[in-house]
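Report on the following structure.
Read-outs: derived from the displayed coordinates by stated rules, not from any lab. Keep in mind that what you see is a predicted model, and the values were worked out from it rather than measured. Quick reminder, even Gly has a Cβ in these numbers, built from the backbone with ideal geometry, and neighbours come from all protein chains shown.
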Amino acid sequence: MNIWHKLIVCRSGFTEIVETRIHLTQLNPKRPLEIEVFFMKLFSEQMIVIPKELFGLKIEVLRSRRKTSVLQIVGNQLQIRVPNRVRDRKIVEILEKKQRWIRNKAIELQNQPITKKREYISGEFFPLFGRYLKLKVLEGGKVGTQLIDNYLLTTVRSSEIGDLRKSRIKTYIEKWYVKEAYKILEEKVSKYSEIIRVSPREMKVRNYKTRWGSCDNKGRLTFNFHLIKAPHTIVDYVVIHELCHIIQPNHSKFFWNEVAKFDPSFKSHKKWLKGNGELLIR
């Protein structure tokens, strides 16, 4: 004879109702301590449930051959990347330990600046790898843009006013983005080229309006500099995507199988880019 028990698992803000079938013959009602120990063991080994959502962020667990565990925010999703051997209990412990960090990230997402037409004035926000940098316009000194702490410090000549100033600031910021894109994308291309075991001939950065990257039949890569405004995992996806074209110069199922080997979550990354990409190119 079996009965169904509903257990409420409540651990530091995580609440789940879990059903489990228990054989009555497993328990001796005359031994309450035995029953208590049984349920404690059942809870510790089977009843740990990873929540589907936390602070409004959808939770996705990604297991792989990696050696360490890491949390990443991708769009409105919290990705937990762990080694294959890590059990659900350990994942819940990680979530508990990182609750404050996760909550702060969720608040940041909720408070992201509303996108509108750029004015290129102090106080505006510009994205970099999923976080936002605040623009601060200065006069005098060496013109250009540099990143200091979380500020994009952009210096212009005091004589540059009106539309001319706006145009100059836009130019300086774009040059800064291009410089950063070359530096970061070269590192990522080098890293993933070794992992995928391909040898691209060269890499360039361009200002595309409708594409994020390309790979020609000679293995030459080109990336959109706006790409580095997206979270790192999205940038990694595009780099992997283009490098896999060296192996499969098409979008067949064989190509996507290659991409999946190195980015198991490529579908969610592709979806994120489709839904948010337009906001990056502005």
Could you list which residues have their amide H under 5 Å from that of V49, counting only those 5 or more apart in sequence or on another chain, with H placed in the peptide plane? none
Please compute the modelled spin-label separation between S252 and E139, points set 7 Å along Cα→Cβ, answer in nm with one decimal. 6.3
Pop out the ³J(HN,Hα) list for segment 191-205 in order, Karplus 6.51 cos²θ - 1.76 cosθ + 1.60 with θ = phi - 60°, rounded to Hz; leave Gly and Pro as x. 4, 7, 4, 5, 5, 7, 6, 10, 10, x, 7, 7, 9, 10, 10
21 Å Cα-Cα threshold exceeded, pairs from K218/K261; K52/K90; K142/K166; K67/K90: K218/K261
Looking at segment 188-231, I'd like the Rg to Rh ratio, where Rg is from alpha-carbon atoms and Rh is Kirkwood's inverse mean 1/r. 0.98
Which stretch or stretches of segment 235-251 have amide N atoms under 14 Å from the point lying 7 Å from K191's Cα along the Cα→Cβ direction? 235-241
Could you list which residues have their amide H under 5 Å from that of R206, counting only those 5 or more apart in sequence or on another chain, with H placed in the peptide plane? F223, N224, F225
The ³J(HN,Hα) series, computed from each phi in segment 61-71 with the Karplus coefficients 6.51, -1.76 and 1.60 at θ = phi - 60°, rounded to the nearest Hz and given as x for glycine or proline, is 9, 10, 9, 7, 7, 4, 9, 10, 9, 8, 9
Taking the Cα of N217, stepping 7 Å toward and past its beta carbon, and measuring to each backbone N in segment 249-265: which are under 13 Å? 249-250
Taking only Cα atoms of segment 125-280, what ratio of Rg to Rh do you get with Rh as the Kirkwood inverse-distance radius? 1.05
So how much slack lies between V61 and E93, counting 0.36 nm per residue of separation and subtracting their Cα-Cα distance, in nm? 10.2 nm
Debye, to nearest 20: dipole size of segment 125-280, +1 on Lys, Arg Cβ, -1 on Asp, Glu Cβ: 260
Once the dipole of segment 165-252 is set up from charges on Cβ (+1 Lys and Arg, -1 Asp and Glu), the residue from the list I169, I234, I196 lying farthest towards its positive end is I169
FRET efficiency for V49 and F129 from the Cβ-Cβ distance with R0 = 35 Å, rounded to 0.05, comes out at 0.65
May I ask you to order 261-271, 97-107 by the average number of other C-beta atoms within 10 Å around their residues, highest value first? 261-271, 97-107
